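I have placed the structure first, in the form of structure tokens, so that the comments after it can refer back to it.
The values are calculated or read from the model by the stated rules, or taken from the named source; none is laboratory data. Note that this is a predicted model, so its numbers are computed, not measured. Here the Cβ positions follow ideal geometry from the backbone for every residue, glycine too, while neighbour counts run over all protein chains shown. For accessibility, only protein heavy atoms count, side chains too; no ligands or nucleic acids. Shrake-Rupley method; radii C 1.70, N 1.55, O 1.52, S 1.80 Å.
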Amino acid sequence: MRTVSACFSALVPSVITATVGLLAATHAWAEPPTHATWEMTFRDEFDGDAVDWDVWESQAGPRGRTKPEGRWPENNLVEEGVLYQVTKKESPPRGDRVWSTAHIMTRTFRQQYGYFEAKLRYGKYLNNAFWLFRPPGKRFPEPPHFEIDVNEGHTPRELAMTLHFFVQPEGTDEEERYSTGKRWDAPMDLDEDFHIYAVEWNEKELIWYFDGTPVRRLANPNCHAPADVRLSTVIMTRQLERDKVDIETMQGVSMAVDWVRVYRKKEDLDRPKPPQLPELEVYRTPKLVRRDRQVAPAKQKTELLTEDFQTVALGGLPEKWELGDGAPEVIASHIGSAAASPAKGNQILRLKAQDYALVMFDQPVKGRLEVEFDYYTAEKRESLLLVTLGDFDRANPARRRTSYYSGNIGPYIHWRGPHINYFTKQEQWTRFALWKRGQWNHARFVVDVAGRVFDYYTGEGGTQFESGGLFRGSQGEAKGLGLRHRGAGYPVYVDNLVVRALND
């Protein structure tokens, strides 16, 4: 184990002038790009008989609420100059998890900008990750916060080069995470041999490298503070399902790391960057789009549906409601708890991650429609999706599960982060309003089915106009309503739902 500083300058040259080219995986030493001179600031060759815990620290505990594994220091083994991050089945379960993987981070070493590289071999079917992290929280209390995934790849050949970064959007009091990723397939199976994964990070851009060749280039949006260095593995159940692999196959699988090295740029040289640099990508942070009222007011309102969930059997759905997917259910709202019903009643609809409930109208609506309800969730992640439904085969379970985006598409309204968004093929996800987590919110949507637009109102009684949006498609008439939890976070609770047809 070696970190490089002034007192260790005899270990390596203090300044390295490098030549860029395709680096063979068997090279013992990789060099930074040639357009600058560099000094080494950190290295670990894993040449001892164990991880040096004065330099690294390990996660010790379960990985998230819904993940299959925990991570423990003992899953990091060093043998013959190589770190192995081993996947194991725990019997009996440890930390309430049957499986375990590994995650280490530099204990005190942090650096802003530089050239970061690691020589590693994939573990088959694992998520194999080498990354730089500055997360919100006690470790890094001050912004900016970001995650640079040098690579977070899967077998056989996938590299996933991603930047996650946090900013505080206008009109909010919390940071929100944005992501921009790119996947690239290597010309060989990455679990067969060692390869070098690197990123060059400076104040203007990030350049990702594979075996010395640049493969992605991105303008730096806000990554201007020191971050730590991390190595980790993850069991990705959706990848196992994609590859038709049983989770038992993961026993003993490991990512192997030959070394990690970090450099700081000393001086730019009077020579151009390599001509094969990828085109510079620029990520534009989405903006909140405000619209004036688009739907004409109505003189008459005809109630089509009202549901306060008070007479519904616990664990079930209201009469005429249908199960789309998952296990949506009416539950008892605990009076005094944060999610207690805003009304006098004590029953509410709960939608957990991926739950989907739908209800069809007795008569389709071709003109204007009003949807009003209360909702609550404890966190700002991907959560509630509100749609009106068109034609689909209700007798077909697969079509019923996908009815929120199949058939004739109407408004597609999604709570995502601190914003409410609509989706169209032309505009993609567009933010039109803000909401508050950890409290009950009131929403009223006035929809012009024929005009393919909607307005959004909030506040007590749904009288405060906020903005509006467009339809995803060309729904001719609304035949029903769908509520889905389109995310992976805390449940969403819904109460006091009313649907009305509007007429002149």
Can you name every residue in segment 47-62 that is crowded, with 16+ Cβ neighbours inside 10 Å and under 13 Å from I104 (Cα atoms)?
V51, V55, W56, E57, S58, Q59
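Within the bounds of segment 173-193, is there any residue that is among the hydrophobic types (A, V, I, L, M, F, W, C), assigned to a strand (DSSP E or B) and either touching a residue at least 60 places away in the same chain (Cβ under 8 Å) or out of contact with any strand residue (DSSP E or B) (no Cβ under 9 Å at 6 or more places or on another chain) (or both)? Can you show your working first?
Step one: filter segment 173-193 for residues among the hydrophobic types (A, V, I, L, M, F, W, C), giving 184, 186, 188, 190.
From what is left, the residues that are assigned to a strand (DSSP E or B) are 184.
Now narrow it down to the ones that are either touching a residue at least 60 places away in the same chain (Cβ under 8 Å) or out of contact with any strand residue (DSSP E or B) (no Cβ under 9 Å at 6 or more places or on another chain) (or both): none.
No, every residue in segment 173-193 fails to be among the hydrophobic types (A, V, I, L, M, F, W, C), assigned to a strand (DSSP E or B) and either touching a residue at least 60 places away in the same chain (Cβ under 8 Å) or out of contact with any strand residue (DSSP E or B) (no Cβ under 9 Å at 6 or more places or on another chain) (or both).
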Check on V449, at pLDDT below 95, β-branched (V, I, T), open to solvent by less than 10 Å² (accessible area, probe 1.4 Å) and over 16 Å from S383 (Cα atoms)
yes
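Condition first: more than 26 Å from the chain's Cα centre (by Cα) and part of a strand (DSSP E or B). Now tell me which residues in segment 258-282 satisfy that.
Start the filter on segment 258-282 by keeping residues that are more than 26 Å from the chain's Cα centre (by Cα), which leaves 258-277.
Passing the criteria: D258, W259, V260, R261, V262, Y263, R264, K265, K266, E267, D268.
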Of the residues that sit in segment 321-341 and are hydrophobic (A, V, I, L, M, F, W, C) and under 28 Å from S403 (Cβ atoms), which one is most open to solvent (accessible area, probe 1.4 Å)?
L323
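Using the structure shown, decide if R437 is open to solvent by 20 Å² or more (accessible area, probe 1.4 Å) and in a strand (DSSP E or B). Step through it out loud before you land on a result.
Working: open to solvent by 20 Å² or more (accessible area, probe 1.4 Å): yes; in a strand (DSSP E or B): no.
No.
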Residues in segment 156-172 that are within 28 Å of K244 (Cβ to Cβ), part of a loop (DSSP other than H, G, I, E, B) and of a type in the set (S, T, N, Q) total 0
Could you check segment 82-107 and list, in sequence order, the residues that are open to solvent by 20 Å² or more (accessible area, probe 1.4 Å), of a type outside the set (A, V, I, L, M, F, W, C) and in contact (Cβ under 8 Å) with a residue 12 or more places away in the chain?
Y84, K88, K89, E90, R94, G95, D96, R97, R107
Matching residues, segment 269-283, being at pLDDT below 90 and either touching a Cys at 6+ places or on another chain (Cβ under 6 Å) or open to solvent by 90 Å² or more (accessible area, probe 1.4 Å) (or both):
D270, R271, P272, P275, Q276
Extreme residue, nearest to the chain's Cα centre (by Cα), among residues of segment 35-73 that are in a loop (DSSP other than H, G, I, E, B) and at positive phi:
G64
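Being over 13 Å from P286 (Cα atoms) and of a type in the set (F, W, Y) is the filter here, so list the residues in segment 166-199 that pass it.
Residues of segment 166-199 that are over 13 Å from P286 (Cα atoms), as a first pass: 171-175, 181-199.
Once the filter is applied, which keeps residues that are over 13 Å from P286 (Cα atoms) and of a type in the set (F, W, Y), segment 166-199 yields W184, F194, Y197.
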Failed condition for G487, given (1) assigned to a strand (DSSP E or B); (2) touching an Asp or Glu at 6+ places or on another chain (Cβ under 8 Å); (3) open to solvent by less than 10 Å² (accessible area, probe 1.4 Å), with all others met?
(1)
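Quick one: which of T377, T388 is of a type outside the set (A, V, I, L, M, F, W, C), within 18 Å of L304 (Cβ to Cβ) and within 27 Å of the chain's Cα centre (by Cα)?
Exactly one residue qualifies, and that residue is T388.
State all residues of segment 139-149 that are in a strand (DSSP E or B) and in contact with an Asp or Glu (Cβ under 8 Å, 6 or more places away or on another chain); if no residue qualifies, say none.
Across segment 139-149, the qualifying residue is only H145.
Filter segment 381-411 down to residues that are aromatic (F, W, Y) and surrounded by fewer than 23 Cβ atoms within 10 Å (Cβ to Cβ), then give me how many there are.
So in segment 381-411, the residues aromatic (F, W, Y) come out as 392, 404-405.
Now restrict to residues that are surrounded by fewer than 23 Cβ atoms within 10 Å (Cβ to Cβ): 392, 405.
Matching residues across segment 381-411 total 2.
For T213, are the conditions met, namely being open to solvent by 10 Å² or more (accessible area, probe 1.4 Å), under 18 Å from E158 (Cβ atoms) and under 22 Å from the mean Cα position of the chain (by Cα)? Working first, answer last.
Details: open to solvent by 10 Å² or more (accessible area, probe 1.4 Å): yes; under 18 Å from E158 (Cβ atoms): yes; under 22 Å from the mean Cα position of the chain (by Cα): no.
No; evaluated as a whole, the condition is false for this residue.
Tell me which residues, restricted to segment 119-138, are in contact (Cβ under 8 Å) with a residue 12 or more places away in the chain and part of a loop (DSSP other than H, G, I, E, B).
To start, the set of residues in segment 119-138 that are in contact (Cβ under 8 Å) with a residue 12 or more places away in the chain comprises 119-136.
Within segment 119-138, Y122, G123, K124, Y125, P135, P136 qualify.
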Give, as residue ranges, the strands (runs of 3 or more DSSP E) completely inside segment 327-414 that count at least 3 residues that are under 24 Å from G462 (Cα atoms) and touching a residue at least 60 places away in the same chain (Cβ under 8 Å).
347-351, 356-365, 368-377, 384-389
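Just to be sure, is G153 outside any loop (DSSP other than H, G, I, E, B) and either within 20 Å of G123 (Cβ to Cβ) or touching a Phe, Trp or Tyr at 6+ places or on another chain (Cβ under 8 Å) (or both)? Reasoning before the result, please.
Values: outside any loop (DSSP other than H, G, I, E, B): yes; either within 20 Å of G123 (Cβ to Cβ) or touching a Phe, Trp or Tyr at 6+ places or on another chain (Cβ under 8 Å) (or both): yes.
Criteria met by G153.
Looking at the structure I just gave you, is D52 under 16 Å from V257 (Cβ atoms) and modelled with pLDDT of 80 or more? Walk me through it before giving the result.
Numbers: under 16 Å from V257 (Cβ atoms): yes; modelled with pLDDT of 80 or more: yes.
Criteria met by D52.
Report yes if V229 is within 19 Å of the chain's Cα centre (by Cα) and among the hydrophobic types (A, V, I, L, M, F, W, C), otherwise no.
no
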Looking only at segment 197-208, how many residues end up being part of a strand (DSSP E or B) and open to solvent by 10 Å² or more (accessible area, probe 1.4 Å)?
1
With criteria (1) over 18 Å from the mean Cα position of the chain (by Cα); (2) within 21 Å of E379 (Cα to Cα); (3) in contact (Cβ under 8 Å) with a residue 40 or more places away in the chain; (4) surrounded by fewer than 22 Cβ atoms within 10 Å (Cβ to Cβ), W429 comes up short on (1)
